[in-house]
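Participant: This is the structure, below, for whatever I ask next.
Every number in this text was worked out from the coordinates using simple rules, so none of it is lab data. Predicted, not measured: the structure shown is a model, and the values here were computed from it. Note: ideal-geometry Cβ built from the backbone for every residue, glycine included; neighbour counts use all protein chains shown.
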Amino acid sequence: MAWVISLSVVLVFLTGMTVDIFANKEMITDDATGVIMKTCGNNPLRDDYNSDTVSGAEIFQRCVEIQEGYSWGSRVYVLIFAPAWNTDPYKLDMIGNDPSNPITATSREGSMTLEDAGCNGFIETGFDHGVFFGSIKLSGFRYDITGDGIPDLFGGNRCERTLSILDDGSGRVETKQDGEATITWEYFENKYVSKTIKHTWREVKLEFDKKAYDVNDEVHLMLNDLDNLRFPFDDDKIYEINVYSDTDGRGITLDALWKTDYKGIPQMSGTYPVKFSLTGDKESNSSRLRVSPGDSIYAEYWDYTLPKPHSIGDRKKITMSAHVNYVDIKSNIAVSTKITDGYGNPLHHCNKGGTAIIKTEIANSFEKPLSVSVITQIKNPNGSVEKIQWSTLTIAPDQTSRIQTDWIMKQDGIHKFEVYVWDSITNAKSLHEAIITEI
Ligand SMILES: [Ca+2]
Ligand SMILES: [Ca+2]
Ligand SMILES: [Ca+2]
């Protein structure tokens, strides 16, 4: 009696309908029909190993089949649907760890086989499931990810023997910057089922949760690099991020730890969130950073696991920045201008050779010192800029600062006198309406 299962039954199985495909015990033959291997980015078993309430079909359906996007420390979860190898409906069968039908894994850097009976085989997910579960660990190689001189991954090619099949899988193969790993089961003499996955290092991503913060805000920063996970759910390895501001250029160092991101497959995302607060009047400490209104703040991280065309051993500094707002500064500054002749009298006419003096007063009623940029510009009757002066002022609380621009007119006619007040020359964010006077 052949164990051949018609394709339609397999499809019904895969769509999760209840069909008793195990009613007739079949003999193992060299017919491949029905043997299916899947590589999953997630752990399809979860905690439902040998559970009465979950069927083999459900476990098979939970597998999020992924063949690319792994990193050197990933674990590849593998399911094999092979009902003919369910030889006893009252016992968990095992496959892959015998010399005649071994499961093997081969990467660019190494290979391992489970042919030895002492190796962890792939275990049936329930007494009568005909679905077998195992995993292969990409073990990296001896390498320092953090730049402290101490290796963080060690590599190694071997089958696992004593550790838990469920937690520690069946074997490990070495992986470097990028490459492939192929998992193969010789289910019958010279008959194989296999799947190949790809892995690569990537460049870290750093992201602030906002473009601009208020002076006393909490800042959420996300570091994302799957290469930092030495193994799935690796949540005790610390990665350091330096954050600093224009006011505190030395800044503080934050310890980033991996946290589960439930938006995707947790073990396929390298999410390391950190948070810190901003302060305008206290010293920086381990969780807060001193800033002034109008500052930029920066986050800096060294990535030692870079994709090609970088080489193994290269490092790259990634820097991201965000702004600190001028909190309600517009309502706290007052600007006025006076345009006079050389004798201090109001200027009424513009004559060639005459002097024009533009005096600008800026009053700060904010509780902290403010730094502003003032641009004074004079245009001749043709609309061309004859004179431009940029000044940067720091105004103490409840104080008024004055600046003056002198100019000798080169022609008669109507001139335009313009004064702009910005938060800085580079940001060019206006803090006051432009004052434009025609004389
Ligand atoms: Ca069984
Ligand atoms: Ca290290
Ligand atoms: Ca990286």
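Participant: Using a Förster distance of 41 Å, how high is the FRET efficiency between Arg315 and Glu283, based on the Cβ-Cβ distance and rounded to 0.05?
Facilitator: Given R0 = 41 Å and the Cβ-Cβ separation, E is 0.85.
Participant: Compute the normalised compactness of the stretch 142-233: alpha-carbon radius of gyration over 2.2 N^0.38 Å, N being the residue count.
Facilitator: 1.60
Participant: So which of Lys359/Lys379; Lys387/Lys416; Lys91/Lys191; Lys352/Lys416; Lys38/Lys237 end up more than 22 Å apart by C-alpha?
Facilitator: Among Lys359/Lys379; Lys387/Lys416; Lys91/Lys191; Lys352/Lys416; Lys38/Lys237, the Cα-Cα distance tops 22 Å for Lys91/Lys191; Lys38/Lys237.
Participant: Go through the stretch 105-165 and name the chymotrypsin sites (Phe, Trp or Tyr not before Pro) that are in a DSSP coil and have 15 or fewer other Cβ atoms within 10 Å of their Cβ.
Facilitator: Qualifying residues, ordered by number: Phe127, Phe154.
Participant: List the lysines whose Cα sits under 25 Å from the Cα of Lys211, skipping any in the same chain fewer than 8 residues away.
Facilitator: Correct list for Lys211: Lys259, Lys263, Lys275, Lys282, Lys316, Lys317, Lys330, Lys368, Lys429.
Participant: Related question: In Å and on Cα atoms, what radius of gyration and Dmax does the stretch 330-438 show?
Facilitator: 14.5, 45
Participant: Across bins of 10 angstrom width beginning at 0, how are the C-alpha pair distances of the chain distributed, in whole percent?
Facilitator: Each 10 Å bin holds this share of Cα pairs: 4, 17, 18, 14, 12, 10, 9, 7, 5, 3, 1, 0.
Participant: No partner Cβ under 4.7 angstrom, meaning no disulfide-compatible partner by this rule: which Cys of the chain qualify?
Facilitator: Those would be Cys350, since no other cysteine Cβ in the chain comes under 4.7 Å of theirs.
Participant: Just the number, please: Stokes-Einstein D of the stretch 7-200 in µm²/s, Kirkwood Rh from C-alpha pairs, 4 °C, 1.567 mPa s.
Facilitator: Answer, rounded: 76 µm²/s.
Participant: Shifting gears a bit: Report the relative contact order of the chain, percent, no decimals, based on alpha-carbon pairs under 8 angstrom and at least 6 residues apart.
Facilitator: 10
Participant: In percent, what relative contact order does the stretch 330-438 have, based on Cα pairs under 8 Å that are 6 or more apart in sequence?
Facilitator: About 29 percent, as a whole number.
Participant: Can you give the helix-only mean residue ellipticity at 222 nm for the chain, where every DSSP H stretch with n ≥ 4 adds -39500 (n - 2.57) and the sum goes over all residues, rounded to the nearest 500 deg cm²/dmol?
Facilitator: One gets -1000 deg cm²/dmol as the mean residue ellipticity at 222 nm.
Participant: A follow-up question, please. Provide the FRET efficiency to the nearest 0.05 for the Glu203-Leu166 pair, computing r from the beta carbons and using R0 = 30 Å.
Facilitator: 0.35
Participant: Given the convex hull of the Cα atoms of the stretch 205-324, what is a quarter of its surface area in nm²?
Facilitator: 7.9
Participant: Another question, if that's okay. Can you compute the equivalent ellipsoid semi-axes for the stretch 390-439, i.e. the square root of 5 times each eigenvalue of the Cα gyration tensor, sorted largest first and rounded to whole Å?
Facilitator: Each semi-axis is the square root of five times an eigenvalue, giving 25, 14, 11 Å.
Participant: Using alpha-carbon pairs under 8 Å, 6+ residues apart, how would you state the relative contact order of the stretch 7-200 in percent?
Facilitator: 23
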